[in-house]
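The values are calculated or read from the model by the stated rules, or taken from the named source; none is laboratory data. Note that the structure is predicted; figures quoted are calculated from it, not measured. All Cβ positions, glycine included, derive from the backbone under ideal geometry; neighbour counts span all protein chains shown. Keep in mind that these areas ignore ligands, DNA and RNA; they rest on the heavy atoms of the full protein, side chains included. Shrake-Rupley method; radii C 1.70, N 1.55, O 1.52, S 1.80 Å.
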Amino acid sequence: MTSFAFVADDFTGATDALWQFRRLGLTGCLVTDAGRLHDGYDVIGIATTARAAADPVPVVLPVLRAVAALRPMVIQYKVCSTFDSSPAHGSIGAVIAALHREGLARGPVPVLAAQPELGRYTWFANHFVRSGAEVHRLDRYPPMRDHPVTPASESDLRIRLAEQGAGRVGWLPAWPEPSEEAYRALGADAAFVADAQTEEHVRALGRLLLADARRRGGPLYCVGSGGLSHALASAHAAGGGKPREPEPLGPAAPVLVVSGSRSPITARQIDTAERAGWRVLDAFGGLRGATGSFAGLLAEVAESLGEGRHTIVQSTRGPARDPAAIGDLLGRIASVAVRSGLVGRLVVAGGDTSGQVVAALGARSLDVVASLAAGGPVCVLSSGDPACDGLEVALKGGQVGGDDYFLRAAAGTPSP
C-alpha cells in the first residue's frame, strides 16, 4: 500500500525526493509515466518537466489526480530547494491555486523549501542558501539572483507565492520548533511557508504533517524540497521504519557526463575533472548551424570513451543557448553512447536536461541505490531496451555537490 506519493517538477529533484524516503527504510520507485503508477511500494513518485513549462498546471494536475487514486496519506509536489519558479515559468503558486480550485487541497497547503543538509534554510519565511562558508539571502545569491529563466528578486517566499497567484500565504515559525498550536491556527490561508533551520525543525514539521494527514483520512497536499520528503520519511521512521545503509558503488569506467547546467558550481566541477585528465567537449559544436556537426561531436565522444577516458560533453561554459536544443542534443549523445556499450556510468547535470536525457534512454522507472552527495543520488534505470536497462545514472542539479563531484562519480565514493 502506498503511504506517500510525490510529483516532481524535474528529474533531479525527483531522484532526491525518492532517496530521502529510501534512505530511511521505505520501499519506493520513481516512474516516468502516469500509466506506470501502482501501489506496490511505500512511496511512488513521478517526474515531470513542469519546472520548464510556462504554465505547469496542465503538466502536473493530471498526474496529481492520478496519484490521488492510489489514496496515499500525503501527496508532495516536489520543487527545488532554491525555489526555482516565477509567474512566467514553473509557477509554484499557480499549482497551489489549482489544488484549491480543483478541490484537491482541504485547508492551507504546507510549503517547506528548506533542506538544511544542502544548506537551504528558511527563517521568518525568508529563504537562504549556504555557499561554502557563507550564507546568502536567496535574492542576493548570485546563481539565483542572476538566473537566466527564474531570477530570484525576493527572498520572502510568501511574497514570491503571492506574486505567482497562490492567494494569501501564511507563515509557520520554528522556534524552538514548529508547534501544533501554531499549525492548527493556520486555517484561513491558501498556503503557509514553514521555517526550518535545523534537522530537528525538519523532523518536528514532519511529525505535525503526518499527524494531520492521519486525522484527515485523505491525502494531505504539500509542496516542498527534498527537505520536506525527509521530514515525512523521518516521521514515518520514528514509527518503526529502519534506516537504510547506502550501497557501496565502487569505481566505474568510463564515465560519461552530459551537462546542460549553467551553474557556476557545475562549472567548477568540470574544471576540477579536466585538471584530473578528463576530456571535456563543447556541446555547441553539435548544434545545427554551429561550427562542426553532430556526427563530428559524436565521433569525438565515441573515440574518447572507447579509449576508456572519462568524458564530459557540456554547454556550461560559453554563451547560453536554447535549453531545449541543448537538452535534445545531450540526450542523443547519451543515447548513442550508452546503446553502443561505451558508458560505464552516466552523470547528467541540470534539472531540465535530465528529463530529456532520461526520455532519450527510454526509461520506464528509476530506483535510487546510493548517494554521491546530498541531493545527488545514483539510480539504476529500468528500460525496455536491454542496452539501457540496469544503467547506473546520477541526475545532478546544477547547485549540487562539491568541486570533486564528477571524480567521486567515477570512484563511486560519497562526499564525507
Inset, instruction - Could you tell me how many degrees, from 0 to 90 and to the nearest 10, lie between the Cα long axis of helix 92-101 and the main elongation axis, the longest principal axis, of the Cα atoms of the chain? - result: 50 degrees
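Whole number please: convex hull volume per residue, Cα atoms of region 247-378, in Å³. Don't skip to the answer; put the middle values down first.
Values: hull volume 14.7 nm³, N = 132.
Cα convex hull per residue, to the nearest whole number: 112 Å³.
Return the equivalent ellipsoid semi-axes of region 357-409 as a descending list in whole Å, where each equals the square root of 5 times an eigenvalue of the C-alpha gyration tensor.
22, 10, 9
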Legend entry - region 164-211 - Rg and Dmax from Cα coordinates, angstrom: 11.0, 31
Inset, instruction - Give me the Debye-computed log₁₀ of I(q)/I(0) at q = 0.09, 0.17, 0.18 Å⁻¹ for region 151-254, equal point scatterers on Cα only, no solvent, two decimals. - result: -0.31, -0.87, -0.94
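With the cut-off at 14 Å, report for region 87-126 the share of all Cα pairs above it, as a whole percent. Could you put the intermediate results ahead of the total?
Working: 465 of 780 pairs.
Here the long-distance tail beyond 14 Å is 60 percent of all Cα pairs in region 87-126.
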Legend entry - For region 1-158, alpha-carbon Rg over 2.2 N^0.38 Å: 1.04
Inset, instruction - Using only Cα atoms, tell me the angle between helix 264-275 and the longest principal axis of the chain; keep it within 0 to 90° and round to the nearest 10. - result: 30 degrees
Inset, instruction - Would you kindly find the accessible area of residue 117, with a 1.4 Å probe and non-protein molecules such as ligands, DNA and RNA excluded, rounding to the nearest 10 Å²? - result: 80 Å²
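Taking the solvent-accessible surface of protein heavy atoms with a 1.4 Å probe, what is the per residue accessible area of the chain in Å²? Display every interim value, and only then the final one.
Details: 15330 Å² over 416 residues.
I get 37 Å² per residue for the chain.
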Inset, instruction - Under 1.5 on a/c is rounded, so check that first for region 113-187, then, if it is not, pick prolate when a/b is larger than b/c and oblate when it is not; a ≥ b ≥ c are the square roots of the alpha carbon gyration tensor eigenvalues. - result: oblate
Inset, instruction - Choose one answer from 226, 170, 375: the residue with the largest mean-square fluctuation in a GNM of the chain with alpha-carbon springs under 10 Å. - result: 170
Legend entry - For the chain, built as a Gaussian network whose Cα springs stay under 10 Å, the top-fluctuating residue of 47, 324, 174: 324
Inset, instruction - Could you please state, rounded to a whole Å, how far the C-alpha centre of region 380-416 is from the C-alpha centre of region 351-373? - result: 9 Å
Legend entry - Helix 11-22 axis, angle to the chain major axis (alpha carbon atoms, nearest 10°): 60 degrees
Legend entry - Bridge type composition, the chain - antiparallel percent by DSSP, nearest 5: 35 percent
Inset, instruction - Using amide H atoms built 1.01 Å from N in the peptide plane, name the residues 5+ places from residue 395, or on other chains, whose amide H lies under 5 Å from its own. - result: 348, 379
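With all pairs of different alpha carbon atoms counted, what Kirkwood hydrodynamic radius in Å does region 43-125 show?
On the way: mean 1/r = 0.0725 Å⁻¹.
Hydrodynamic radius (Kirkwood, Cα pairs) of region 43-125 is 13.8 Å.
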Inset, instruction - Measure off, as a whole percent, the carbon and sulfur share of the 1.4 Å-probe accessible area of region 166-285, all protein chains present. - result: 53 percent
Legend entry - Cβ-placed point charges (K, R +1; D, E -1), dipole of the chain about Cα centre in debye, nearest 20: 460 debye
Inset, instruction - Once you've got the GNM for the chain with C-alpha springs shorter than 10 Å, pick whichever of 110, 58, 178 has the biggest mean-square fluctuation. - result: 58
Inset, instruction - Provide, in order from the shortest bin, the percent of all Cα-Cα pairs of the chain in each 10 Å bin, continuing until the bin that contains the maximum pair distance. - result: 5, 24, 34, 25, 10, 2, 0
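Only Cα pairs under 8 Å and at least 6 apart count here; give the relative contact order of the chain as a rounded whole percent.
On the way: 1016 pairs, mean separation 75.2, N = 416.
Answer for the chain is 18 percent.
So what's the net charge close to residue 311: Lys and Arg +1, Asp and Glu -1, counting the other residues with Cβ under 10 Å from its Cβ?
Numbers: positive: 279, 309; negative: 300, 303, 307.
Residues close to residue 311 contribute a combined charge of -1.
Give me Rg/Rg_expected for region 315-388, where Rg uses Cα atoms only and Rg_expected = 2.2 N^0.38 Å with N residues.
Numbers: Rg = 12.8 Å, N = 74, 2.2 N^0.38 = 11.3 Å.
In units of the globular-protein estimate, region 315-388 measures up at 1.13.
Using a 1.4 Å probe on the protein heavy atoms, what percent of the accessible area of region 10-109 belongs to carbon and sulfur? Don't jump to the answer; show the numbers that get you there.
On the way: 1610 of 3110 Å².
Roughly 52 percent of what the probe reaches on region 10-109 is carbon or sulfur.
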